[in-house]
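Student: Pasting a structure below so you can have a look.
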Amino acid sequence: MPLSLTLPTTGGKLAPYTLRGTTPVKPPPGVRFNRIAYSAAHVVADPLAAIDPWLECAVDWDATIAYRRHLWSLGLGVAEAMDTAQRGMGLDWPTSLELIRRSLDAAKDVPGALVASGCGTDHLNLIDVKNVDDVIRAYEEQMEAIEALGGKLIVMASRALAHVAKSPADYERVYDRILSQARQPVVLHWLGDMFDPALAGYWGTKNVDAATDTALSIIAAHPQKVDGIKISLLDKDKEIAMRRRLPADVRMYTGDDFNYAELIAGDGFGSAPTHGKSDALLGIFDAIAPAASAALGELAQGHTEKFHAILGPTVALSRHIFAAPTRFYKTGVVFMAWLNGHQKHFAMVAGQQSTRSLPHFAELFRLADAANLLEQPELAVSRMKTLLAMHGVDS
């Protein structure tokens, strides 16, 4: 018998909804990719910790690392301690470093497991930041700690740098210093202000084309120290234009959670393979991991139509999860993990589960079903009904 429940609709109405009943997508064992694909992974909060959630951070380490093992089992890499893990929105630097340590340690047991870790300046109090030298020292502190663990760096965009930089030259100075010291090639990180308003005007200007020029000049000065750049601007044309101008061995890691399918598939432009396609470092891959893995496996076999058939339906869900205010997308990612049984509760660090409305979750549920992403439909329905009941809805 089909599974059904009552869900909110637009305008505050309620209506019955019946699940499609299609089998969730799963990749074959040992699936292989011809793209590098990182999932920016979320953390599982510890709801039993006797803390003040808005002020303190408590992580369920076992559940958090178990989810990373799940991602590795699907062939996906883990981009650790990034904004998906609520970095800068509840996850502080000491806890981030512990997360990185535990993730790197767990990866040793998984042949071929990829881990890259966020290196930033988020331990600084912006009020105390006076100049770019303060930013450099902060980056170096985190860089040293992560590299001491053997970690690969993702050099995260810095609120502190955006706060004190007066020109593109300040960005060039900071990144020149950091890249010149890196022990292995890093991934640079350009997060648009739709993800974090404090990063407006990054690279020293609000003009995206001029900002792109600055970022490219920094990369061109250190091509051997840059594995790639992740940009999250939600503008596919800007990403493609920048991708085509990168040095031949530097990758574009798409962070575009609106247009990832076509960006990963690529357009075949140019003689350098990196110019005609994007690799991936995506928060949405946390929520759609089995489908992402299956689709990437098909792409590696040259089955482009199957790639789009699997991944295409997930785009509507991703656009909903990342809808404005985009910075609250983490709530949708964790909600999906709860629906699919990857954690026992729907609680988040800093109480961020409250950032989205019940109608938002209802539409997310419908879109997840439409994209064949509900891994355990009976459990998903049961948990959705629990959420509805908590909001006074008899489903």
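The values are calculated or read from the model by the stated rules, or taken from the named source; none is laboratory data. If you're wondering where the values come from, they're calculated on a predicted model, not measured in any experiment. Glycine also receives a Cβ, built like all others from the backbone with ideal geometry; neighbour counts cover every protein chain displayed. These area figures cover heavy atoms from the full protein model, side chains too; ligands, DNA and RNA do not enter into them. Shrake-Rupley method; radii C 1.70, N 1.55, O 1.52, S 1.80 Å.
Student: To the nearest 10 square angstrom, what accessible area does E140 show with a 1.4 Å probe?
Tutor: Estimated to the nearest 10 Å², E140 gives 40 Å².
Student: Out of every Cα-Cα pair in segment 38-111, what percent are more than 17 Å apart?
Tutor: I get 39 percent for the Cα pairs in segment 38-111 exceeding 17 Å.
Student: What are the lysines whose alpha-carbon lies under 16 Å from the alpha-carbon of K206, with same-chain residues fewer than 8 places away excluded?
Tutor: By straight Cα distance, K206 reaches K166, K238.
Student: If you bin every alpha carbon distance in segment 36-181 into 5 Å steps from zero, what whole percent lands in each bin?
Tutor: Distribution as computed: 2, 10, 19, 20, 18, 14, 10, 6, 2, 0 percent.
Student: Calculate for the chain the 222 nm mean residue ellipticity that helices alone would give, adding -39,500 (n - 2.57) per DSSP H run of length 4 or more and normalising by residue count, nearest 500 deg cm²/dmol.
Tutor: -13000 deg cm²/dmol
Student: Turning to a different aspect of this structure: Could you grab the relative contact order for segment 217-364? Cα pairs under 8 Å, six or more apart, rounded to a whole percent.
Tutor: 16
Student: Right, another one. Once amide H atoms are built 1.01 Å from N in the peptide plane, which residues 5 or more positions from G77, or in another chain, come under 5 Å H to H?
Tutor: Residues meeting the amide H criterion: A37, Y38, S39.
Student: Could I get the Rg over Rh figure for segment 105-171? Both from C-alpha atoms, Rh via Kirkwood, rounded to two places.
Tutor: 1.10
Student: Let me ask something else about it. Quick one: which of 177-188, 267-278, 35-46 comes out on top by average Cβ neighbours within 10 Å, and what's the full order, highest first?
Tutor: Peptide ranking by packing, descending: 35-46, 177-188, 267-278.
Student: Of all DSSP beta bridges in the chain, what percent run antiparallel (nearest 5)?
Tutor: 20
Student: Probe radius 1.4 Å, ligands and nucleic acids ignored: give me the carbon and sulfur share of the accessible area of the chain as a rounded percent.
Tutor: On the chain, the fraction of accessible area on carbon and sulfur atoms equals 52 percent.
Student: Something else: Computed on alpha carbon atoms, what radius of gyration and Dmax characterise segment 264-339, expressed in Å?
Tutor: When restricted to the Cα atoms of segment 264-339, Rg and Dmax are 14.0, 44 Å.
Student: Keeping all protein chains in place and using 1.4 angstrom, which order do K225, K306 fall into by accessible surface area, from largest down?
Tutor: K306, K225
Student: Run the quick spin-label model on A169 and I127: label points 7 Å from Cα toward the beta carbon, then report their separation in nm to one decimal.
Tutor: 3.2
Student: For segment 134-193, how big is Rg over Rh, using alpha carbon atoms and the Kirkwood form of Rh?
Tutor: We get a ratio of 0.95 for segment 134-193.
Student: How do E98, E239 rank by accessible surface area computed with a 1.4 Å probe, from largest to smallest?
Tutor: Ranking E98, E239 by accessible area, largest first, yields E98, E239.
Student: Also, quick follow-up: Determine one quarter of the surface area of the Cα convex hull of the chain, which equals its mean projected area, and express it in nm² to one decimal.
Tutor: 19.3
Student: Return one whole number: the accessible area per residue of the chain in Å², for a 1.4 Å probe.
Tutor: 41
Student: Return the long-range amide H neighbours of K152 (sequence gap of 5 or more, or a different chain), with a cut-off of under 5 Å between placed amide H atoms.
Tutor: HN-HN under 5 Å from K152: S117.
Student: Could you work out how far apart the two model spin labels at A309 and A200 are, taking each label as a point 7 Å from the Cα in the direction of the beta carbon, and quote it in nm?
Tutor: 4.6
Student: Amide H to amide H under 5 Å from V59: which residues, 5+ apart in sequence or cross-chain, H placed 1.01 Å off N in plane?
Tutor: HN-HN under 5 Å from V59: D46.
Student: For S357 and D52 in one chain, what is 0.36 nm times their gap in residues minus the Cα-Cα distance, to one decimal in nm?
Tutor: 107.6 nm
Student: I would also like to ask the following. What ³J(HN,Hα) values, in whole Hz, does the Karplus curve 6.51 cos²θ - 1.76 cosθ + 1.60 give for segment 244-260 when θ = phi - 60°, with x put for Gly and Pro?
Tutor: So the J values, rounded to whole Hz, are 5, 9, 6, x, 4, 9, 9, 8, 9, 9, 5, x, 8, 7, 9, 10, 4.
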